[in-house]
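See structure below.
The values are calculated or read from the model by the stated rules, or taken from the named source; none is laboratory data. Because the structure is a prediction, the values reported are computed rather than measured. FYI the Cβ positions are ideal-geometry reconstructions off the backbone, even for glycines, and counts take in every protein chain you see. The protein model used for the area step is the full one, side chains on, heavy atoms only, and it has no ligands, DNA or RNA in it. Shrake-Rupley method; radii C 1.70, N 1.55, O 1.52, S 1.80 Å.
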Amino acid sequence: MNSMMTGFKTFHLAGMAKTVELRIAQAAEQNLSHREFLDMLLEDEKTNRDDNRRTRLFTAARFPCVKTME
């Protein structure tokens, strides 16, 4: 597991690193194929990158305050 986490760090895959333990347990519990397991990890990485991008863009936009539709 340690070498896997090092690989995630080396290749800048923080989204996978955050969820890999959960996904391993889920894959074992649900008897998922290797492809399904990898699909879940890739989706986690995509979600993490999308969230980071959104946060970075909102910060860069320098909006004066957050307004809600209430």
request  = Kindly establish whether THR55 is open to solvent by less than 90 Å² (accessible area, probe 1.4 Å) and assigned to a helix (DSSP H, G or I).
outcome  = yes
message = Of the conditions (1) modelled with pLDDT under 95; (2) surrounded by 13 or more Cβ atoms within 10 Å (Cβ to Cβ), VAL66 satisfies every one except a single condition; which number is it?
response = (2)
Condition check for LEU32: open to solvent by less than 100 Å² (accessible area, probe 1.4 Å) and either within 20 Å of PHE11 (Cα to Cα) or outside any loop (DSSP other than H, G, I, E, B) (or both) = no
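Please go through the stretch 16-25 and pick out each residue that is open to solvent by 50 Å² or more (accessible area, probe 1.4 Å), under 16 Å from the mean Cα position of the chain (by Cα) and without any contact (Cβ under 8 Å) to a residue 24 or more places away in the chain.
Scanning the stretch 16-25 gives GLU21, LEU22, ILE24.
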inquiry  = If I filter the stretch 58-70 down to residues being of a type outside the set (Val, Ile, Thr) and in a loop (DSSP other than H, G, I, E, B), which single residue comes out as nearest to ALA14 (Cα to Cα)?
reply    = ARG62
note = Within the stretch 1-15, restricting to residues that are assigned to a loop (DSSP other than H, G, I, E, B) and within 15 Å of ASN48 (Cβ to Cβ), the one that is least open to solvent (accessible area, probe 1.4 Å) is LEU13
task = Select from the stretch 37-52 the residues that are surrounded by 14 or more Cβ atoms within 10 Å (Cβ to Cβ) and over 22 Å from SER3 (Cα atoms) and list them in ascending order.
result = ARG49
